[in-house]
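Below is one structure, written out as structure tokens; comments come after it.
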Amino acid sequence: MRLIITQPPLRAFDTALNFRAIREALAPFRGGCRPCDIVLLPEHVSFEEDADRYRDAVASIAVEWGCYVFGGTHHEKKSGGLINTGAVLSPTGELVGYYEKLRPYGDERRRVQPGTEIGEFVMGGFRILVLVCADFWFSDLFLRARTRPDIVLVPALSVSRKTSPEYSRTLWEYLAVSRAYEFGVFVGISDWALSPIAPHSIVCGVGGFADPTTIEPASFYRRTGEKTAEAFEIDGAALESFRQDRRARGFFWKED
């Protein structure tokens, strides 16, 4: 299995442009994806509130690239208000399931209600947990999962009030590595590319991949950087070896 992280230049309130940017980012992988591969899109990639139109846009990518697509999120109209939610589509365009953002952040709280549906899936023998952006910063949500995940996917829209992206990038990197080592999981984060998004606010481009199985410190977290999409191999045998070593030394989180 490969996890393809995306970090394209996106624009607020321009869904059509955003999906064109996604397609351009994924162009190098067209024709080379396996059905077990996963593409992860960023949070709020779509500003379409209609669930069917959002889902159809994600499904078209899943079918064209022939792999699973975790479609970032959009704000879906539900009874009582908006929920920040995302859909997972199969290589044949079938709906696999949904996930929601449980902890809205910042100004988002004025428009969006907390969701209730944590994202848990099994694909290719791997258990996958989806935590939308700010949800990743709450360790209690890891413990709410019904089963221990092997892969944690984070569709993000990293917003910072700092003048430089490095503050947020470094914090996200440290958090991803600590989560990967504490819980014995691979962590993949997709984000918007570095850009201003509102007055006195920037998107920081924090996307990347945390790998607890490596012994090279420079590879603990591999930033997507200037790339708009990058593929990472998911090595299940290496992950189990890492976990077994931790268990043997009493240095792994309680699994029951």
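The values are calculated or read from the model by the stated rules, or taken from the named source; none is laboratory data. For clarity, every value in this text was computed on a predicted model and none was experimentally measured. With ideal geometry, Cβ positions are generated from the backbone for all residues, glycine too; neighbour counts draw on all protein chains shown.
Remarks
- Of residues in segment 172-204 being loosely packed, with under 15 Cβ neighbours inside 10 Å and in a strand (DSSP E or B), the one modelled with the lowest pLDDT: ALA198
- Residue match in segment 2-16 (condition: touching a residue at least 24 places away in the same chain (Cβ under 8 Å), exposed (fewer than 15 other Cβ atoms within 10 Å of the Cβ) and not in a loop (DSSP other than H, G, I, E, B)): no
- Of all residues in segment 199-225, those that are over 19 Å from ALA156 (Cα atoms) have Cβ atoms under 6 Å from Cβ atoms of residues that are among the hydrophobic types (A, V, I, L, M, F, W, C), 6 or more apart or on another chain, in PRO212/ALA180; PRO212/PHE242; THR213/ALA238; THR213/LEU239; THR213/PHE242; PHE220/VAL177.
For every residue, the table says whether it meets (1) buried (at least 19 other Cβ atoms within 10 Å of the Cβ); (2) free of Cβ contacts under 8 Å to residues at least 60 places away in the same chain.
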{"site": "GLU43", "(1), (2)": "yes, no"}
{"site": "PHE47", "(1), (2)": "no, yes"}
{"site": "GLU64", "(1), (2)": "no, yes"}
{"site": "THR73", "(1), (2)": "yes, no"}
{"site": "GLU76", "(1), (2)": "yes, yes"}
{"site": "GLY93", "(1), (2)": "no, yes"}
{"site": "GLY97", "(1), (2)": "no, yes"}
{"site": "GLU100", "(1), (2)": "yes, yes"}
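- Pair list, Cβ < 7 Å and 6+ apart or interchain, from segment 115-127 residues that are over 22 Å from CYS36 (Cα atoms) and outside any strand (DSSP E or B) to residues that are of a type in the set (Val, Ile, Thr) and at pLDDT 95 or above: GLY115/ILE83; GLY115/THR85
- Flag for ARG23 being surrounded by fewer than 22 Cβ atoms within 10 Å (Cβ to Cβ), in contact with a Lys or Arg (Cβ under 8 Å, 6 or more places away or on another chain) and either of a type outside the set (Gly, Ala, Ser) or in a loop (DSSP other than H, G, I, E, B) (or both): no
- Here is the figure for segment 46-70: residues that are in a loop (DSSP other than H, G, I, E, B) and within 18 Å of the chain's Cα centre (by Cα) total 3.
- Single residue of segment 245-256 satisfying the filter (on the phi < 0 side of the Ramachandran plot and without any contact (Cβ under 8 Å) to a residue 24 or more places away in the chain) that is surrounded by the fewest Cβ atoms within 10 Å (Cβ to Cβ): ASP256
- Of residues in segment 129-171 being touching a residue at least 60 places away in the same chain (Cβ under 8 Å) and more than 17 Å from VAL45 (Cα to Cα), the one surrounded by the fewest Cβ atoms within 10 Å (Cβ to Cβ): ARG148
- Candidates in segment 216-244 are the residues that are surrounded by 13 or more Cβ atoms within 10 Å (Cβ to Cβ) and of a type in the set (Asp, Glu); of these, the one that is farthest from ARG127 (Cα to Cα) is GLU230.
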